[in-house]
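Engineer: Can you keep this structure in mind? I'll have questions shortly.
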Amino acid sequence: MKVHFKPMPWLSVMVAICIAILLTLGTWQYQRLQWKTALLADVEAAVTAPPFASLDDLRRAIEAEEPVDFRRIQFTATPREASPIYAVYAPEKGGIYWDLFRQYNAAPDIFGRYAQVNETNKPNGDVRVEDTAPTASIGYVRKVYEMGFMEALLKSKPTPEANRWFKFNQSGDWGQGDVLISHYIYITKSQPASDGTLSAESLVIRRPDIRNNHFDYMLTWFSFAGILLIIYFILHLRAGRLKFS
């Protein structure tokens, strides 16, 4: 069987451009699918792992590139003397709230959630840590993710002079000198270290609501490309430009 095909020039160019765009979108969704699947696997490994028992354990896991995002932790540490407290926007129904974060002497590259305040008594400017007694805390390790292009455009910009930040370490200058802040701890409870009753085992396993619909999106874009190609050949068949003999 012989195939006789005489393509329509302008239609062929337009269809080729459209198919290239659709295939690019489908490939992008495939890459996003791989990334999201790996991310969910890392989160699941972290949330089901035993809690960290100290900041040193956390640091060793970070250096070993183990999954730590949302892993539970309990530790005892002393707040870094005269270190600033940073207020990060925490959306809540009925008002504007701010989570406060501070550094620790034993781990200047790790911040812990300090307290929560409302709009009427939020900290302004360079607030300093006043208490320097060792504190026992439990909470969840969180990884700092850099803003994407669109997020950076849409998210409110920080105002350091008013100590208003809209994402943890948003400006990238929270560390001391060249210290890179890659993780922080969302502390849920603290008490004097002498009490000795806190245990991270009591914390519920917290799984983030991360959707992974990229397989469906990938199939959609690839299907559109296939449908467009079928329509392209049907038009040529009806116009007598595609014949089989």
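Engineer: Tell me, please, whether a residue that is at pLDDT 85 or above, in a helix (DSSP H, G or I) and open to solvent by less than 50 Å² (accessible area, probe 1.4 Å) can be found in region 178-199.
Structural biologist: No, every residue in region 178-199 fails to be at pLDDT 85 or above, in a helix (DSSP H, G or I) and open to solvent by less than 50 Å² (accessible area, probe 1.4 Å).
Engineer: Which pairs have Cβ atoms under 8 Å, sit 6 or more apart or on different chains, and link a residue in region 148-170 that is over 15 Å from D99 (Cα atoms) to one that is open to solvent by 60 Å² or more (accessible area, probe 1.4 Å)?
Structural biologist: From region 148-170, the pairs are S156/Y89.
Engineer: Select, from L203, L237, L228, L219, the only residue that is among the aliphatic types (A, V, I, L, M) and open to solvent by less than 40 Å² (accessible area, probe 1.4 Å).
Structural biologist: Result: L203 is the single residue among L203, L237, L228, L219 that is among the aliphatic types (A, V, I, L, M) and open to solvent by less than 40 Å² (accessible area, probe 1.4 Å).
Engineer: Inside region 133-147, can you point out the residues that are in contact (Cβ under 8 Å) with a residue 24 or more places away in the chain and not small (G, A, S)?
Structural biologist: Result: P134, T135, I138, Y140, V141, R142, K143, V144.
Engineer: Further question: When region 70-110 is examined, which residues are found to be open to solvent by 60 Å² or more (accessible area, probe 1.4 Å), under 27 Å from S194 (Cβ atoms) and among the charged types (D, E, K, R)?
Structural biologist: R80, E81
Engineer: Given the condition touching a residue at least 40 places away in the same chain (Cβ under 8 Å), farther than 19 Å from R142 by Cβ, in contact with an Asp or Glu (Cβ under 7 Å, 6 or more places away or on another chain) and surrounded by 12 or more Cβ atoms within 10 Å (Cβ to Cβ), answer yes or no: does some residue in region 6-29 qualify?
Structural biologist: no
Engineer: Related question: Is it fair to say R206 is in a loop (DSSP other than H, G, I, E, B), touching a helix residue (DSSP H, G or I) at 6+ places or on another chain (Cβ under 8 Å) and of a type outside the set (A, V, I, L, M, F, W, C)?
Structural biologist: yes
Engineer: Which condition breaks for A239 when tested against (1) touching a residue at least 12 places away in the same chain (Cβ under 8 Å); (2) under 26 Å from the mean Cα position of the chain (by Cα)?
Structural biologist: (2)
Engineer: Regarding Q29, is this residue in contact with a His (Cβ under 6 Å, 6 or more places away or on another chain), not in a loop (DSSP other than H, G, I, E, B) and not basic (K, R)?
Structural biologist: Yes; evaluated as a whole, the condition is true for this residue.
Engineer: Provide a single number: the residues in region 46-69 that are open to solvent by less than 30 Å² (accessible area, probe 1.4 Å) and not in a loop (DSSP other than H, G, I, E, B).
Structural biologist: Of the residues in region 46-69, 6 are open to solvent by less than 30 Å² (accessible area, probe 1.4 Å) and not in a loop (DSSP other than H, G, I, E, B).
Engineer: Just to be sure before I move on: is S171 open to solvent by less than 70 Å² (accessible area, probe 1.4 Å), assigned to a strand (DSSP E or B) and within 30 Å of E146 (Cα to Cα) in the structure I sent?
Structural biologist: no
The values are calculated or read from the model by the stated rules, or taken from the named source; none is laboratory data. Since the structure is predicted, the reported quantities are computational estimates derived from the model, not experimental observations. Backbone-built Cβ (ideal geometry, glycine too); neighbour counts: all protein chains shown. Just so you know, the surface numbers come from the protein's heavy atoms only, side chains and all, with ligands and any DNA or RNA stripped out. Shrake-Rupley method; radii C 1.70, N 1.55, O 1.52, S 1.80 Å.
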